[in-house]
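The values are calculated or read from the model by the stated rules, or taken from the named source; none is laboratory data. Please read these numbers as outputs of a predicted model, since none were measured by experiment. Neighbour counts run over all protein chains shown; Cβ positions are idealised from the backbone, glycine included. Surface areas here come from the heavy atoms of the whole protein model, side chains and all, with no ligands, DNA or RNA. Shrake-Rupley method; radii C 1.70, N 1.55, O 1.52, S 1.80 Å.
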Amino acid sequence: MGFFEFSKNVYWVGVKDWSRRMFDALIPLPRGTSYNSYLIVGEKKLLVDTVNPGFEDELKKNVDAIVGLENLDYLVMNHAEPDHAGAIPYLMSLNGKLKILATLKGAKIAQTYYNVPYDRIIVVEDGDGLELGGKTLKFIEAPMLHWPETMFTYLREDNILFSCDFFGAHLAEGFFDDEVEDLPVFAQKYFGEIMMPFKVMGRAALEKLKNFEIKVIAPSHGPIYKNPNKILNLYRSWIEGFTREKVVIVYVSMWGSTENMAHIMSKTLMSEGVYVVEYNLSYADLGDLIKDLVDARAIVLAAPTVLNGAHPLMVYFLYLFNALRPPTKYCIILGSFGWAGGGVKRIKDAVSANVEVLDVLEVNGRANETEIAKIVEFGRRLAKKVKEI
Ligand code: FEO
């Protein structure tokens, strides 16, 4: 049996993708993911979101076992990305009366991506409702979370918010939040990877949600929150960019010199009582690293010069760092070179203007005693700054 009823006449009919290990050819999925699809049964029957391409039959079996796919009246497309909307063409081909509910932008994407004819789309606007007979829905536009067309769906009788990617977590295991001990870690990763660049839109969405009594949050990835305040409070904190006395040290090293500088910095900060996390870019898990950027107050970037520029792994990381817009306030840049420097300057030029670069040091070969003393001095100064707030 691949479904379960978690509120009266409201079913999870999604799919667990235990073996998927990457998303967008970018995000690691160490414990798989789920594509949550929900069936609401009133006099009319409605599906909220679908599943990733390749899992259409599983979704069909689940819906068939409860009401029969041919009896579905509506399909809510909260978000048009294929992991949630990919089964739309299949479902529509098997059920000729099925209508899609989407925002205006969603309607356009549904036509482009999934060839949905316009006469099978019902465009909904913020605050619109839909009466299913015994179940009443309200649609909440929540654009750019994380695509232009995204919206939430609220089920009034059960006080359930279907939030699609917002509040999601890439995890296959667990149906409910209290079953997965480290769910907050995965939720924080997901926030960092997907939602962090859209904090302004996230804040607007949280404001709108204050108008709704929410007893359950049913996202499109990961467990359902029976205790929604936990994730709501975490999102409030992450969206406001609240940071901890925490420094992330991100480095890459070719012959150990830069690594040595990173370690000296790390030890200095720890001796000053600052929480430190180190990542060596040559093998770091990107998801873990992004998770730590969500609430770190400062970053130390350390890389050697390669062919007159910064090491390519650092260049790649800086692209992501700037695009993800973490709430990082301070930065220190360290680097080393063999016969010609310049790497640290490239890093400094590339770091987002929102981050204050406190100190920069580039050494030739391995740091000597004077240079080590400088790193320690930088570290103490950074620790003071990090603790000031
Ligand atoms: Fe889970 Fe934006 O798709």
Looking at 94, 101, which is the one that is among the aliphatic types (A, V, I, L, M), more than 19 Å from residue 54 (Cα to Cα) and more than 16 Å from the ligand (Cβ to nearest atom)?
101
Restricting region 1-17 to residues that are assigned to a loop (DSSP other than H, G, I, E, B) and farther than 15 Å from residue 220 by Cα, the one nearest to the chain's Cα centre (by Cα) turns out to be 2
When residues of region 141-154 are limited to those that are assigned to a loop (DSSP other than H, G, I, E, B) and within 13 Å of residue 76 (Cα to Cα), the one farthest from the ligand (Cβ to nearest atom)
149
Could you grab me the full set of residues in region 76-87 that are closer than 17 Å to residue 104 by Cβ, within 14 Å of the ligand (Cβ to nearest atom) and touching a strand residue (DSSP E or B) at 6+ places or on another chain (Cβ under 7 Å)?
77, 78, 79
With (1) touching a strand residue (DSSP E or B) at 6+ places or on another chain (Cβ under 9 Å); (2) within 14 Å of the ligand (Cβ to nearest atom); (3) farther than 28 Å from residue 212 by Cα as the list, and residue 67 as the residue in question, which single condition is left unmet?
(2)
Unmet criterion (only one of (1) surrounded by fewer than 17 Cβ atoms within 10 Å (Cβ to Cβ); (2) within 12 Å of the ligand (Cβ to nearest atom)) for residue 29
(1)
Is it true that residue 379 is crowded, with 16+ Cβ neighbours inside 10 Å, among the small types (Gly, Ala, Ser) and farther than 26 Å from residue 200 by Cα?
yes
Answer yes if at least one residue in region 368-389 is part of a strand (DSSP E or B) and free of Cβ contacts under 8 Å to residues at least 60 places away in the same chain, and no otherwise.
no
Number of positions in region 91-106 that are crowded, with 21+ Cβ neighbours inside 10 Å and within 17 Å of residue 142 (Cβ to Cβ):
4
Report yes if residue 21 is more than 16 Å from residue 154 (Cα to Cα), free of Cβ contacts under 8 Å to residues at least 40 places away in the same chain and open to solvent by 10 Å² or more (accessible area, probe 1.4 Å), otherwise no.
yes
Within region 1-47, can you find the residues that are on the phi > 0 side of the Ramachandran plot and in contact with a strand residue (DSSP E or B) (Cβ under 6 Å, 6 or more places away or on another chain)?
9, 32
Condition check for residue 138: modelled with pLDDT of 95 or more, in contact with a Leu (Cβ under 9 Å, 6 or more places away or on another chain) and assigned to a strand (DSSP E or B):
yes
Requiring at least 1 residues that are open to solvent by 60 Å² or more (accessible area, probe 1.4 Å), the helices (runs of 4 or more DSSP H) wholly within region 270-360 are 312-324, 343-350
Name the residues in region 215-269 that are buried (at least 18 other Cβ atoms within 10 Å of the Cβ) and at positive phi, would you?
222
When region 194-234 is examined, which residues are found to be within 16 Å of the ligand (Cβ to nearest atom) and farther than 22 Å from residue 37 by Cβ?
196, 197, 198, 201, 202
Looking only at region 39-81, which residues are touching a helix residue (DSSP H, G or I) at 6+ places or on another chain (Cβ under 8 Å), open to solvent by less than 50 Å² (accessible area, probe 1.4 Å) and within 17 Å of residue 113 (Cβ to Cβ)?
49, 50, 51, 52, 56, 75, 77, 78, 79, 80
Scanning region 158-188 for residues that are of a type outside the set (Gly, Ala, Ser) and in contact with an Asp or Glu (Cβ under 7 Å, 6 or more places away or on another chain), which turns out farthest from the ligand (Cβ to nearest atom)?
159
